[in-house]
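Just below is one structure, and these are the notes that go with it.
Derivation of every value follows stated rules applied to the coordinates shown; laboratory data play no part. All values derive from a computational prediction rather than experimental measurement. As a convention, Cβ positions derive from the backbone with ideal geometry for all residues, glycine included, and neighbour counts pool all protein chains shown.
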Amino acid sequence: MINWFLRNKKVLLISGLILGAFFVSTTTTFAATKYWIGADGASISVASNWTLSPTGCTGTSAGVPTASDIATFGTSCTHSALIDVAWTLSGLAVNSGYTGTITQNANVIVAAAGFSQVYGTWVLTSGTVTLGGGALSCSGTFAGNILINNTATISAGCTVNFGNNSNSITYGQLTNNGNMIFGTGTTTVGMNILNYGTITVNGSVWNGANNDIT
């Protein structure tokens, strides 16, 4: 038995290395919820402004949230934030108790985890918010240039003001349980809208694909 082991130990060692490499190479990266801890008015693009476990406005740096992460603004750190670079996320949450102001100066894309603003102030000075799925929920009014290009839901109690520029609602289906306000520009509708709330049109709506607004 000992002699057999000595003769085959190289084979066993190589097999172990192959299995180890297999398990390392198939490691999956999971989405993370990252919390804002930046200084008042600081940029979201700084790695040290985000953490996984906030204590006030401090915590171990977790890096800037990316397309697989959920960026969260909460009660632990209520400092205002500046979106000054294009940002793609799985989800974005502005939770109850956050009293800061988030100023958007660049494009933001939010995917399936959705966009939720139940507190704080969102100021869209330039750029566009693109909702690629999930729910758009808010408390009060969310205003700005908003693009919806996947199946999405506007929650009850949420007023979405699409702004005065041209907007686009394309692909999938939009369910409106809140209030939708279209500004003086032209809004192109390329998906079905199920309306259980209110829709106010101050400009024009072009239904290029003969979709339903019901």
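For residue 85, indicate whether it is closer than 20 Å to residue 145 by Cβ and buried (at least 20 other Cβ atoms within 10 Å of the Cβ). So residue 85 fails the test.
Scanning the stretch 71-85 for residues that are part of a strand (DSSP E or B) and closer than 16 Å to residue 130 by Cβ yields a count of 2. Restrict the check to the stretch 63-80 and report whether at least one residue is acidic (Asp, Glu), in contact with a strand residue (DSSP E or B) (Cβ under 6 Å, 6 or more places away or on another chain) and surrounded by fewer than 21 Cβ atoms within 10 Å (Cβ to Cβ). No - not one qualifying residue is present in the stretch 63-80. Go through the stretch 29-70 and give me each residue that's more than 22 Å from residue 126 (Cα to Cα), in a loop (DSSP other than H, G, I, E, B) and touching a Pro at 6+ places or on another chain (Cβ under 9 Å). Passing the criteria: 32, 37.
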